[in-house]
Amino acid sequence: MEKKLPESIKGILASFPIKQPLRLMFQDEARFGRISDCCYCWCKKPERPMVKAMLSHQYVYAYAAVSPLDGKLDSLVLPEVNGNCMQVFLTEVASRYPSENIVMVLDGAGWHKSKSLVMPSNLKLLFLPRYAPELNPQEHVWDELREKSFHNKTFDTLDALEDQLVDALGALEMQNERIKSIAAWDWIIDAVSIAN
């Protein structure tokens, strides 16, 4: 993927009906549930930290796409992962950047390849190789989100979890430099400069 990305971008850019600036995005979904994520934490000796833990099978899903070049993050919280929710996400992202051609890199999940998806005119998909989540910088954004906003926390209701998720994603969307420091990998930046 690292070596083929510049040529893949060039080919996709040539297929857009209107010439516009390029926005390269990496997309992924993450499941957030009422299962507490316990981890080590600090406290003074001789006290022992007490962390509440719970197990409940209720989930919401975050859809997000990161632009490594400028650190923009676009996200939605949706109830499921399926073709319909993916369509909502793609349509929303395309509408946020109407004067740019978006190449969205994502994995090969079934709902990403749904026959019912209608691609916006300014958005094209580029699929990662199989079993290669390490090539997607959005995975690291999820790690950052979970570590800073969800470790050692429990939620009494699914609505409370969703509120925390929306707030945390909203805060990340406003921190372009922080996102850029996580996602702006050299091979991605180089691929865009070669393709343009």
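In this simple spin-label approximation, I194 and A132 carry label points 7 Å from Cα along the Cα→Cβ vector, and these lie 1.3 nm apart.
Relative contact order of the chain: 32 percent, from C-alpha pairs under 8 Å at least 6 residues apart in sequence.
The antiparallel fraction among DSSP beta bridges confined to the chain stands at about 60%. In this simple spin-label approximation, K148 and N82 carry label points 7 Å from Cα along the Cα→Cβ vector, and these lie 3.3 nm apart.
Largest first, the residues I188, I182 sort by 1.4 Å accessible area into I182, I188.
Each residue, D186 and A109, gets one label point 7 Å from its Cα in the Cβ direction; the gap between the two is 3.1 nm. Close amide H contacts of D107 (hydrogens built in the peptide plane, cut-off under 5 Å, sequence separation of 5 or more or a different chain): L128. Using Cβ point charges alone (K and R +1, D and E -1), the dipole size of the chain about the Cα centre works out to roughly 260 debye.
Against the criterion of solvent-accessible heavy-atom surface with a 1.4 angstrom probe, V77, V166 sort, most first, into V166, V77. The eigenvalues of the Cα gyration tensor, multiplied by 5 and square-rooted, give the chain an equivalent ellipsoid with semi-axes of 33, 19, 14 Å from largest to smallest.
May I ask you to derive the FRET efficiency for A14 and V118 from their Cβ-Cβ distance with R0 = 30 Å, giving the value to the nearest 0.05? The computed FRET efficiency comes out at 0.90.
Using the rule -39500 (n - 2.57) for each DSSP H run of four or more residues, divided by the residues of the chain, the 222 nm mean residue ellipticity is -11000 deg cm²/dmol.
The values are calculated or read from the model by the stated rules, or taken from the named source; none is laboratory data. Predicted, not measured: the structure shown is a model, and the values here were computed from it. Counting neighbours? That spans all protein chains shown, and the Cβs are built from the backbone with ideal geometry, glycine included. When the accessible area is computed, the model is the full protein with side chains, heavy atoms only, and any ligands, DNA or RNA have been set aside. Shrake-Rupley method; radii C 1.70, N 1.55, O 1.52, S 1.80 Å.
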